[in-house]
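Heads up: the structure comes next, in structure tokens.
The values are calculated or read from the model by the stated rules, or taken from the named source; none is laboratory data. These figures come from a predicted structure and were not determined experimentally. Virtual Cβ from ideal backbone geometry, glycine too; neighbours counted across all protein chains shown.
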Amino acid sequence: MYTPIDCNYYDRLEAHATLRQRIRIDYRNEQGEATALEDALIVDLQTRNSEEFMILESGHEIRLDKLIAVDGKVPPGSC
């Protein structure tokens with residue numbers, strides 16, 4: 001089940017995408033293991049079936065409730 005992320009944190013993700021900033025993204029993969037991507041570029045944020053996703057330049061997609069930290073910032077609770 002998807003848990004929406006904090007609205008202000010979502011805005012921060014949009015800013016990273018708009019400014020085309022390369023950042024570190026820490027998240028939990030499909031097996032629940034902590035994973036990190038260095039020098040990642042967010043190109044889009046999408047909502048599908050009431051779930052939000054981050055689309056990276058590499059084509060990698062990360063469901064937003066799987067984020068551990070983006071650019072060193074840990075997400076707070078949901079909206």
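Which of the residues that make up segment 22-35 are of a type in the set (D, E) and part of a strand (DSSP E or B)? Scanning segment 22-35 gives a single hit, D26. Only a single item in (1) at pLDDT 95 or above; (2) in contact with a Cys (Cβ under 9 Å, 6 or more places away or on another chain) is not met by E51, and it is number (2). Selection of segment 1-21 for residues being touching a residue at least 12 places away in the same chain (Cβ under 8 Å), outside any helix (DSSP H, G or I), closer than 18 Å to R63 by Cβ and over 11 Å from the mean Cα position of the chain (by Cα) yields Y2, T3, P4, D6. Each residue in segment 36-68 was checked for being in contact with a Phe, Trp or Tyr (Cβ under 9 Å, 6 or more places away or on another chain), surrounded by 15 or more Cβ atoms within 10 Å (Cβ to Cβ) and either in a strand (DSSP E or B) or among the polar types (S, T, N, Q) (or both), and 7 of them qualify.
Of all residues in segment 25-40, exactly one satisfies the criterion of being within 14 Å of E57 (Cβ to Cβ) and in contact (Cβ under 8 Å) with a residue 24 or more places away in the chain, namely I25.
On the stretch given as segment 1-24, residues that are on the phi < 0 side of the Ramachandran plot and in contact with a strand residue (DSSP E or B) (Cβ under 8 Å, 6 or more places away or on another chain) total 14.
Table: residues versus (1) within 15 Å of P4 (Cα to Cα); (2) in contact with an Asp or Glu (Cβ under 8 Å, 6 or more places away or on another chain).
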site	(1), (2)
R20	no, no
R28	no, no
E33	no, no
D44	no, no
S50	yes, no
G59	no, no
L64	yes, yes
